[in-house]
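S.K.: Sharing a structure, written as structure tokens. Questions coming.
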Amino acid sequence: MYIAAVFLPLIGSLIAGMIAFAAHGAVHSEDAERKKRLDLASQLITCGAMLLAAVAAILVFIAVVVNGQNGTVELFTWVDSGSLEFSWELRGDTLAVLMVTMVTVVSSMIHIYSIGYMSHDGSIPRFMGYLSLFSFFMLMLVSSNNLVQLFFGWEGVGLCSYLLIGFWYDRPSANTAAIKAFVVNRIGDFGFALGIFACFFLFDSISYDTIFSLAKEKSTATMTVFSGEFHALTVICLLLFFGAMGKSAQLGLHVWLPDAMEGPTPVSALIHAATMVTAGVFMVARLSPLYEYSDVALTVVTLIGASTAIFAATVGCVQNDIKRVIAYSTVSQLGYMFFALGVSAYSAGMFHLITHAFFKALLFLGAGSVIHAMSDEQDMRKMGGLYKLIPATYILMWIGSLALAGIWPFSGFFSKDIILETAWGAQTGIGQYAFWLGITAAFLTAFYSWRLIIMTFHGESRADETTLAHVHESPKVMILPLVVLALGALFVGILSVDYFVGEHTVEFWKNSLFVLDTHKTLENVHHLPIWVKLLPLVVGIGGIALAYLMYMFAPELPGALVAGFQRTYLFLLNKWYFDELYDKIFVRPVFYLGRGLWKAGDGLLIDGVGPDGVAAAVKHLARRAAAMQSGYLYHYALAMLLGVTFFVTWFLVQGA
Amino acid sequence: MDNMPWLSIITFAPLVGVFFILLIRDDDKEIVARNARWVALWISLITFFVSLGIWINFDNSTANFQFVEKSVWMPGLNIAYHMGVDGISMFFVILSTILTVLCIGASWITITDRVKEYMISFLVLETLMVGMFSALDLVLFYIFFEGVLIPMFIIIGVWGGARRNYAAYKLFLYTLAGSVLMLLAILTMMFQAGTAEIPKLLTHNFPATLQPWLWLAFFASFAVKMPMWPVHTWLPDAHVEAPTAGSVILAGVLLKFGGYGFLRFSLPMFPLASADFTPLIYTLSIIAVIYTSLVALAQEDMKKLIAYSSVAHMGFVTIGTFAANTQGIEGAIIQMLSHGVVSAALFLIVGVVYDRIHSRDIEAYSGLVHRMPKYALIFMIFMMASVGLPGTSGFVGEFLILVGTFKTNTWVAAFATTGIILGAAYMLYLYRRVIFGELTKENLKSILDLNRREVAIFAPLLLVVFVMGIYPSLFLDAMHASVENLVERYHSALAAAQHISVVAK
């Protein structure tokens, strides 16, 4: 069953890939009828495979989580070299199957939505194939039973992300964004790979079961790396976290995610909101038995997470592209998840991951529905007043935003609340840092969410006549998945809060997450002052109120603010100038260096002194030597005479 | 059946083909060419299938040489015709035979001039390559090792591009400089050990004072072949000027001579010197990985870009080899095999569009995906194998090498790992410029996608890339015994030397 859940999407994707080639042939033979049939076939097959996978995943979930079976499946040996040995495996504990279920369910909804969203596109089979392939890699990632299979999924989703961001390959901006995403992720992978090597160095294994069981024993071990002796688990955890930062777009390595919005919107929803970008969070939770023994690593995770949460929230407040607002919101929410992990509240981080998957996918798909209605317009300054024209989308966006802002009883309320409470409950300096930044970010989150809603749906329409004439509610095939996700955004939180972080948490997670007895953050949340518990909700409502004030009741206010704080505004609008900075200190120098090394290093130095230089020298000498062959007999006779004289003298001296 | 001289059959079967091709006489040049192609294809196919038999009948449990043949050749000098393979060399034999088949297939219609001579060159080349990997006598090894230069020189010099003479001479001079020193070392070894038999030399302990000189002499030759920085500059020129199939063999097999040499000679025969020179190797290799990756980023010629990427990938091989542990060495072998397949495929990929448009400039292309989706897919897969995506052969090699290296030197592993970032950058940048974008250039608007012959050439390479990536045990299992033996010998030699120096104090 587990195998079916993971490999059905792969099969679907391969079939869709073959159909894509057939469809390409149909385009060339201008057989529109045949192309249509092929498109439909690819949609049915990939959606069918994905839905079946979701059903299988739910069955596995019931078997593992409800009935308490161990669902681990070993497929076959992957690598066996010396003491390094690992297999292709599917791990069957709560954390893995929970993720498998979430991924298959959200992915199948997005598959169905794509039927409608991509209906005017020329390469439907290719798109569906990529989506399914992505789902397969994501499932391999979350069901991994060793670090290398995790890395396999990790790189695989990176590849699919690259392919899907660059799906419209005619657009230079899409190509650039795709390469940027892949390369920035590879920078993170640099740390991830070194982390795996260090792990093997310490444990002589990279299989979860082995390293988890040895973690305690090695918790005080040190390791000599990079000419210094460091606490071994801290080294491993920090290196691996660097990888997580790349994939989950944390501060410093976040630059690829906003650009990734070049891809079609279902991609943004699936990959860049619900699943792939949460892989870093999943990884840290998965490796909680290692992270627990390194306070330094946990502190770093908290610091980065909290800083990212506030950074992205500030930027999100001034963006005008509807998808970019949601993208920065995603970065910000990932920050929340990380600082929850950092204060040892892994279950809270995972809880937010799951609820976020539903409401953020909902928001993205809702935005997609808006864009679809607006004939591919993404700039909110050219929208407005749409609520009467697309009421279903409007309501769904409200649900998603309420969940995102953390308003009771929507899902986000429960998960964000527990995260902020645990940050306080950590009773550490860094916990306080995370709490206050988190609270501020929560305020901003609510603010930009309603800024988005008001700019898009309310006020006077700022679109041109032709666009406005074409505005239409999305077809049922798009609305239906949105409704499913909205149900998730409504009920997942309230229904499952007791299992994730409440009284049933032990039976639910079993041994898949590990927290040291001394890390009592989750227990401490029961003894919080009442104002700490209420504050997240209060700032959420405050943010909404401010948005109404600024964009509904006093629309001249934003303009005045921008004029008053020109510099701050530009700083935020330009996303803290990260792109410009990186371009100056990394991208340009690398190209410059490459050219320089090629022309000067290889050309002038190595070839000039080496082969070409030697050849020139030989030529020069040869010309000299040739000049001596004058052809005059007396020259030769003289040379002979001198030679004979020399040798005779030599022998006489030797003899004596 | 068991007494058949299988290795000799594989080695010399291509020469039989040469003999048949020489017999072809006809006034019609077309008929001559066609017959020469078919004879070459059949012979190379037969050779390939026979060589697969070696793998099937290979005994994974022993580190000894297998399929050994030996007959006295020059009794006075103790030189014998001595052949055999172990877990280290066996796959290289198969790599040589399969790539020869593909090269002949790839040249099917592109070579129209002197087809007979062309096919003869490739078959002779195959004999020499297979002989090189299975020779168990120093002198025999040297003959094959150097002999390879001759057909390669001819292939580049006759069927090459505009600057073929420069490239051919550069290749020849670079490699010859190294080989002279190696010949001296070989003679010294024969006099010192009193034998030219490689299996005996493998257990002979050369004096500690002599080892550095012998090591350096071999290094001079292997470093050029590898090629290591800074003696790599012949490679881009040779690749650019060589015909497609020439590049395929050059990148696929000839670059493995150096790596194979390090594993067969330097490491086991001169362990003390190897240990002493490891920092040198590490330094040069790291420079190779970073430097050539940066240079690759700036290239405007597709073949040059892939040539530079080869230097970077070979840098990984030398690092893994001198990490001298099981993962490092097995990784190095896998990396060589993988690079043999992947770079061969990448050169074939360049060849496909070169055949159609006659340009290697990246600038000359854009938006090929519109007309050539199959091509785009295959290019994508091999690109991903080249950047080491897990699930492809490239990953297994790089991963094992780096895991092994991290145990011996974390700095080296860290610097080498930057290669995964730069590698992704230059390959994706290349792919984007060639495949993506709009199709605006007039001469590309009617370009045709891969035909059946071309798909048939790529199919076996794709198969190897995935099998080696997903189930590498198929290859690793055959290596274990030989590699373990090598690692053990190397470390016991070092330990013994340590012991002596301690006792002396």
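The values are calculated or read from the model by the stated rules, or taken from the named source; none is laboratory data. Here the structure is a predicted model, which means the values were calculated and not measured. Note: ideal-geometry Cβ built from the backbone for every residue, glycine included; neighbour counts use all protein chains shown. Each accessible area value is taken on the protein alone, full model and side chains, heavy atoms only, with ligands, DNA and RNA left out. Shrake-Rupley method; radii C 1.70, N 1.55, O 1.52, S 1.80 Å.
S.K.: Which aspartates and glutamates have a Cα lying under 20 Å from the Cα of A:Lys619, excluding residues fewer than 8 positions away in the same chain?
M.R.: A:Asp607
S.K.: Please list the non-local residues whose amide H lies under 5 Å from the amide H of A:Ser144, H modeled 1.01 Å from N, same-chain partners needing a gap of 5 or more.
M.R.: Those lying under 5 Å, H to H, from A:Ser144 are A:Arg91.
S.K.: May I ask you to evaluate 6.51 cos²θ - 1.76 cosθ + 1.60, the Karplus curve with θ = phi - 60°, for each residue of the range B:331-338 and list the ³J(HN,Hα) values in order in whole Hz, giving x for glycine and proline?
M.R.: Values per residue, Gly and Pro as x: x, 4, 5, 4, 4, 5, 5, 5 Hz.
S.K.: Using only the Cα atoms of the range A:1-107, build the gyration tensor, take square roots of its eigenvalues as a ≥ b ≥ c, and label the shape rounded, prolate or oblate: rounded if a/c is under 1.5, else prolate if a/b is larger than b/c, else oblate. Mind dumping the intermediate values first?
M.R.: Numbers: a/c = 4.60, a/b = 1.79, b/c = 2.57.
Oblate, since a/c reaches 1.5 and b/c is not below a/b.
S.K.: Helix hunt in chain A: which complete DSSP H runs extend at least 30 Å axially by C-alpha with mean Kyte-Doolittle at least 1.6? Intermediate results must be reported in sequence, preceding the final value.
M.R.: Numbers: long enough: A:2-28 (40 Å, 1.73); A:32-61 (43 Å, 1.03); A:94-117 (34 Å, 1.62); A:172-203 (45 Å, 1.22); A:295-316 (31 Å, 1.70); A:322-342 (31 Å, 0.88); A:346-373 (40 Å, 1.15); A:429-457 (42 Å, 1.14); A:476-500 (34 Å, 2.08); A:633-655 (33 Å, 1.44).
Correct list, ordered by number: A:2-28, A:94-117, A:295-316, A:476-500.
S.K.: Under 5 Å between amide hydrogens, which residues at least 5 positions from B:Asp86 or on another chain qualify, with H placed 1.01 Å from N in the peptide plane?
M.R.: HN-HN under 5 Å from B:Asp86: B:Gln66.
S.K.: Ok, one more. From the helices alone, meaning DSSP H stretches of at least four residues, give me the mean residue ellipticity at 222 nm for chain B, per-run term -39500 (n - 2.57), in deg cm²/dmol to the nearest 500.
M.R.: Rounded to the nearest 500, it is -24500 deg cm²/dmol.
S.K.: Let me ask you something else. For the pair B:Phe191 and B:Ala496, how long in nm is the line joining their label points, each one 7 Å along Cα→Cβ?
M.R.: 2.4
S.K.: In Å², what does the accessible area per residue of chain A work out to with a 1.4 Å probe? Numbers along the way, then the final one.
M.R.: On the way: 25420 Å² over 656 residues.
Accessible surface, normalised per residue, equals 39 Å².
S.K.: For an R0 of 30 angstrom, estimate the FRET efficiency from the Cβ-Cβ distance between B:Ser71 and B:Leu22 and round to the nearest 0.05.
M.R.: Numbers: r = 26 Å, r/R0 = 0.88.
After rounding, the FRET efficiency stands at 0.70.
S.K.: For B:Asp137, enumerate residues with amide H under 5 Å from its amide H, sequence gap 5+ or separate chain, H modeled in the peptide plane.
M.R.: It is B:His82, B:Ile198, by chain and number.
S.K.: What nm value, rounded to one decimal, do you get for the distance between B:Leu52 and A:Gln629 when each label is placed 7 Å out toward the C-beta?
M.R.: Each label point lies 7 Å from its Cα, and together they span 5.8 nm.
S.K.: Enumerate the aspartates and glutamates that A:Lys323 could reach by cross-link, defined here as Cα to Cα under 13 Å, with residues fewer than 8 away along the same chain left out.
M.R.: In chain and number order, the partners are A:Asp259, A:Glu262, A:Asp376, A:Glu377, A:Asp379.
S.K.: Considering the dipole of the range A:331-480 built from charges on the beta carbon (Lys and Arg +1, Asp and Glu -1) around the Cα centre, which of A:Leu389, A:Ile453, A:Gly406 is farthest to its positive end?
M.R.: The listed residue farthest towards the positive side: A:Gly406.
S.K.: Heavy atoms only, probe 1.4 Å: what % of the accessible area of the range B:372-420 goes to carbon and sulfur, would you let me know?
M.R.: Details: 650 of 880 Å².
Accessible surface attributable to carbon and sulfur in the range B:372-420 totals 74 percent.
S.K.: Quick one: helix B:149-159 against the long Cα principal axis of chain B, what's the angle to the nearest 10°, folded into 0 to 90?
M.R.: 10
S.K.: Run the numbers on chain A and let me know its relative contact order in percent, using alpha-carbon pairs under 8 Å that are six or more apart. Working shown, then result.
M.R.: Working: 1066 pairs, mean separation 77.9, N = 656.
Relative contact order comes out at 12 percent.
S.K.: Tell me, which longest segment in chain A has none of the GluC sites (Glu not before Pro) that fall in DSSP loops with at most 15 further Cβ atoms within 10 Å?
M.R.: Within chain A, the longest run free of exposed GluC sites (Glu not before Pro) spans A:218-459.
S.K.: For the range B:79-90, what does the Karplus curve 6.51 cos²θ - 1.76 cosθ + 1.60, with θ = phi - 60°, yield as ³J(HN,Hα) per residue in whole Hz, taken in order and with x for Gly and Pro?
M.R.: 9, 10, 8, 9, 10, x, 10, 10, x, 7, 8, 4
S.K.: Which of the residue pairs A:Lys382/A:Lys575; B:Lys70/B:Lys116; A:Lys36/B:Lys303; A:Lys180/B:Lys170 have a Cα-Cα distance greater than 29 Å in the structure shown?
M.R.: Cα-Cα > 29 Å for B:Lys70/B:Lys116; A:Lys36/B:Lys303; A:Lys180/B:Lys170; rest within.
S.K.: Here's something else I'd like to know. Using helices alone, I'd like the mean residue ellipticity at 222 nm for chain A: each DSSP H run of four-plus residues gives -39500 (n - 2.57), total over residue count, nearest 500.
M.R.: Computed mean residue ellipticity for chain A: -23000 deg cm²/dmol.
S.K.: If you don't mind, there's one more thing I want to ask. Binning every alpha carbon pair distance of the range B:382-481 at 5 Å from zero, what are the percents per bin?
M.R.: Per 5 Å bin, starting at 0, the Cα pair percentages come out as 2, 11, 14, 15, 18, 15, 9, 6, 4, 3, 1, 0.
S.K.: If we count GluC sites (Glu not before Pro) as exposed when they sit in a DSSP loop and have at most 15 other beta carbons within 10 Å, what is the longest stretch of chain B that avoids them all?
M.R.: B:1-299
S.K.: Something else about it: For the range B:90-170, run through the trypsin sites (Lys or Arg not before Pro) and keep only the ones in DSSP coil with at most 16 other Cβ atoms within 10 Å of their Cβ. Let's see the in-between values first.
M.R.: On the way: sites: B:Arg114, B:Lys116, B:Arg163, B:Arg164, B:Lys170; in loops: B:Arg114, B:Arg163.
Here the sparse-neighbourhood loop sites are B:Arg114, B:Arg163.
S.K.: Any idea what the relative contact order of chain B is, in percent, if you count C-alpha pairs under 8 Å spaced at least 6 apart?
M.R.: Here the relative contact order equals 15 percent.
S.K.: Shape of the range A:596-656 from its Cα gyration tensor (a ≥ b ≥ c, root eigenvalues): rounded if a/c is under 1.5, otherwise prolate when a/b > b/c, or oblate?
M.R.: oblate
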